[in-house]
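What follows is a single structure, written as structure tokens, with notes after it.
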Amino acid sequence: MDQKSKLRQIAVAAIMALGVAQGACAQAQPEADSNGTPGLVAEPGTTTALPSALLPAQAQVQTSALTPDEAKQSATGNVAELQQLIKGSELSELRTAYNGSYGTSLLFHGKEMTYYVALFQQKNFWRVIKTQDAARAEMIYRDFVRQTVQLSSVEIRRTQLEAQKAFTERMIALSQSRANRLQADLDVARQQQTIVANQQQQTRAEAVALAQQKTAAQEQLRVAQRQVRDLQRQLESGLPAH
């Protein structure tokens with residue numbers, strides 16, 4: 001056997017082993033929490049399954065739980081069939097789980113003993129798998145729930161980031177408002193300080209001027225008093241003493 005044949009056999013064996021491992025992971029996947037609001041009771045939009053080439057990058061998730069025939073079912077009218085059944089009263093909703101805007105439901109048509117597993121976004125059907133095998137329906141449901149967790153992770157992260165951004169912007173606005181008030185208080189304090197300093201300077205100048213005026217007035221008073229005494233002496237000169 002040549003080298004190329006050996007390499008080819010090794011590659012085929014690796015692919016088969018990978019397929020077995022993926023199948024085991026899908027079967028071991030625990031069922032996601034289905035505490036989301038139940039209810040495909042309101043009819044979802046009548047959208048058909050999207051070709052994988054048209055799906056967004058985050059939506060192209062491999063469905064290891066589906067057989068090739070099951071993977072093709074959405075293109076054979078299952079969406080329209082389920083939409084028609086939802087309009088009636090023969091369909092029972094067994095399970096529904098929501099993750100972000102994505103969800104999956106397990107529905108049972110008792111009259112035909114048929115299960116429908118629906119994957120949807122914003123209540124628009126994306127994929128619908130039909131089976132009469134209850135265990136198979138449960139397995140596909142768990143796989144679809146796993147897909148909604150993966151698909152919604154970016155959406156949930158965006159919602160969290162939007163909330164964090166809004167919160168940060170609100171904190172910035174509050175801090176800026178507080179800073180503006182403090183700046184206004186500081187401006188008033190500085191203006192008042194300038195006014196007080198000017199008033200003090202003016203008061204000191206007035207005090208100096210008043211002190212000078214007082215000194216001059218006292219000097220004038222002394223001069224006037226000497227003059228009065230001199231005039232009094234002149235007036236009393238020549239008069240007999242007491």
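For the range 131-153, the count of residues that are in contact (Cβ under 8 Å) with a residue 24 or more places away in the chain and under 17 Å from residue 80 (Cα atoms) is at least one.
Residue check: is residue 203 without any contact (Cβ under 8 Å) to a residue 40 or more places away in the chain, more than 30 Å from residue 79 (Cβ to Cβ) and not charged (D, E, K, R)? I'd like the intermediate steps shown before the answer.
On the way: without any contact (Cβ under 8 Å) to a residue 40 or more places away in the chain: yes; more than 30 Å from residue 79 (Cβ to Cβ): yes; not charged (D, E, K, R): yes.
Taking the combined requirement at face value, the residue satisfies it.
Based on what the data block shows, is residue 102 modelled with pLDDT of 95 or more and crowded, with 22+ Cβ neighbours inside 10 Å? Against the criterion (modelled with pLDDT of 95 or more and crowded, with 22+ Cβ neighbours inside 10 Å), residue 102 does not qualify. Candidates 233, 158, 170: the one that is part of a helix (DSSP H, G or I), farther than 30 Å from residue 121 by Cα and within 53 Å of the chain's Cα centre (by Cα) is 170.
Looking only at the range 121-135, filter to residues that are part of a strand (DSSP E or B) and among the charged types (D, E, K, R); which one of those is modelled with the lowest pLDDT? Selected residue: 127. Suppose the filter is farther than 13 Å from residue 82 by Cβ and loosely packed, with under 14 Cβ neighbours inside 10 Å; does residue 160 pass it? Against the criterion (farther than 13 Å from residue 82 by Cβ and loosely packed, with under 14 Cβ neighbours inside 10 Å), residue 160 qualifies.
The values are calculated or read from the model by the stated rules, or taken from the named source; none is laboratory data. Here the structure is a predicted model, which is why all the values come from computation and not from measurement. When we count neighbours, we look across all protein chains shown, and the Cβ atoms used for this are built from the backbone with ideal geometry, even at glycine.
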